[in-house]
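Trainee: Starting off with a structure, shown below.
Nothing in this text is a laboratory measurement; each read-out follows from the coordinates by a stated rule. Predicted, not measured: the structure shown is a model, and the values here were computed from it. Here Cβ is always computed from backbone atoms with ideal geometry, including for glycine, and neighbour counts include all displayed protein chains.
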Amino acid sequence: MSRPDAPVDDPIVARVVHRSMVVDHPGCRPVIKLMFNLLPHGRQFDTGTDIGFLAPGFGAEDVKPGLRRYSIESVGEVPFEDSVDITIYVRDHGVSDETGVAHHLTGLGLGDTVTVYGPFAYPFYPPMGSRSNMILIGAGCGMVPFRWLAHKVQERKLDWMGKVLMLEGRDTGLENLYLNEPGADQDQYFDGTTQRAFEALKTRYSATALDHAGSRTAHMDAMWRLMGQGGVYVYLAGYRSVAAAMDEAMSQHLRLPGRWQEAKNALVSDGHWLEYLYD
């Protein structure tokens, strides 16, 4: 059972103690590794949980809608001190950064301070049953939110027998079959361990016959077939608007009024539909 989220009205001030470039490849947005030192004030910061930063323009009265969360990559206690060092990865979106959080974080230098909220529980957990199937959908955000889920599944690689389908896209989240190609997807995993975890998932596609350049229609068919096999968990992360477009696309694709929403509601009711969406 995960710990409850920390109250958003009690932030902590953190100081930057390390900054380095992790991903700097042509065609990829740069990724910065940041380490913050902070006093935990009795809170338990764990690898894989999230910390939040407030987007510019939001104040104390509207913290929740303004928070942007980042997964903690590592946590280390500082010897002879009560503080901890927390490491995160941040992609620099430049002028396309819609909220301004990433641009602000990647502009921090050593010694700079920033207000941190959290920790917050990681929203995704792997199925308990080793035969359960999984569908991962990156709604305009790629596969980055699923990095720790991939790690957890990789830890069970010897007994995991479920099928996995990974889809992502900017319009509906269903445009592309995620292939984990090192040359094209450097900005998706940041490190070799995560690349290998996604590679392990890639070998478990439910539709291995899908062409690498499969159409969105083919991807929707593959997704619907896997959902029909039972024992499936759907993980959806990304922009709320893209997720809404996915719902509309699936509803139109199935051509039966209410069929998609009925299937989705059944998964939600069973705890098999897990999502992390933001505006």
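Trainee: Per residue of region 257-262, what does 6.51 cos²θ - 1.76 cosθ + 1.60 with θ = phi - 60° give for ³J(HN,Hα)? Whole Hz please, x for Gly and Pro, Karplus curve as stated.
Mentor: Using θ = phi - 60°, the values come out as x, x, 5, 5, 5, 5 Hz.
Trainee: Whole-Hz ³J(HN,Hα) for each residue in region 147-153, computed from phi via Karplus 6.51 cos²θ - 1.76 cosθ + 1.60 with θ = phi - 60°, x for glycine and proline: what do you get?
Mentor: 4, 6, 5, 4, 4, 5, 5
Trainee: Another question, then. Enumerate the whole-percent occupancy of each 5 Å bin, from 0 to the last occupied one, for all C-alpha pair distances of region 223-279.
Mentor: Spelled out per bin, shortest first, that is 4, 18, 27, 29, 18, 3, 0.
Trainee: Under a crude label model (7 Å from the Cα following the beta-carbon direction), how far is Leu277 from Met161 in nanometres?
Mentor: It works out to 3.5 nm between the two label points.
Trainee: Another one. Using 0.36 nm per residue, how much length does the chain from Arg131 to Thr113 gain when fully extended, once their Cα-Cα distance is taken away?
Mentor: Numbers: separation 18, 0.36 × 18 = 6.48 nm, distance 4.60 nm.
Separation in residues times 0.36 nm, less the Cα-Cα distance, equals 1.9 nm.
Trainee: Using θ = phi - 60° and the Karplus curve 6.51 cos²θ - 1.76 cosθ + 1.60, what whole-Hz ³J(HN,Hα) does each residue of region 68-83 get, with Gly and Pro shown as x?
Mentor: Couplings: 10, 9, 10, 6, 7, 7, 7, 9, x, 6, 8, x, 6, 9, 8, 8 Hz.
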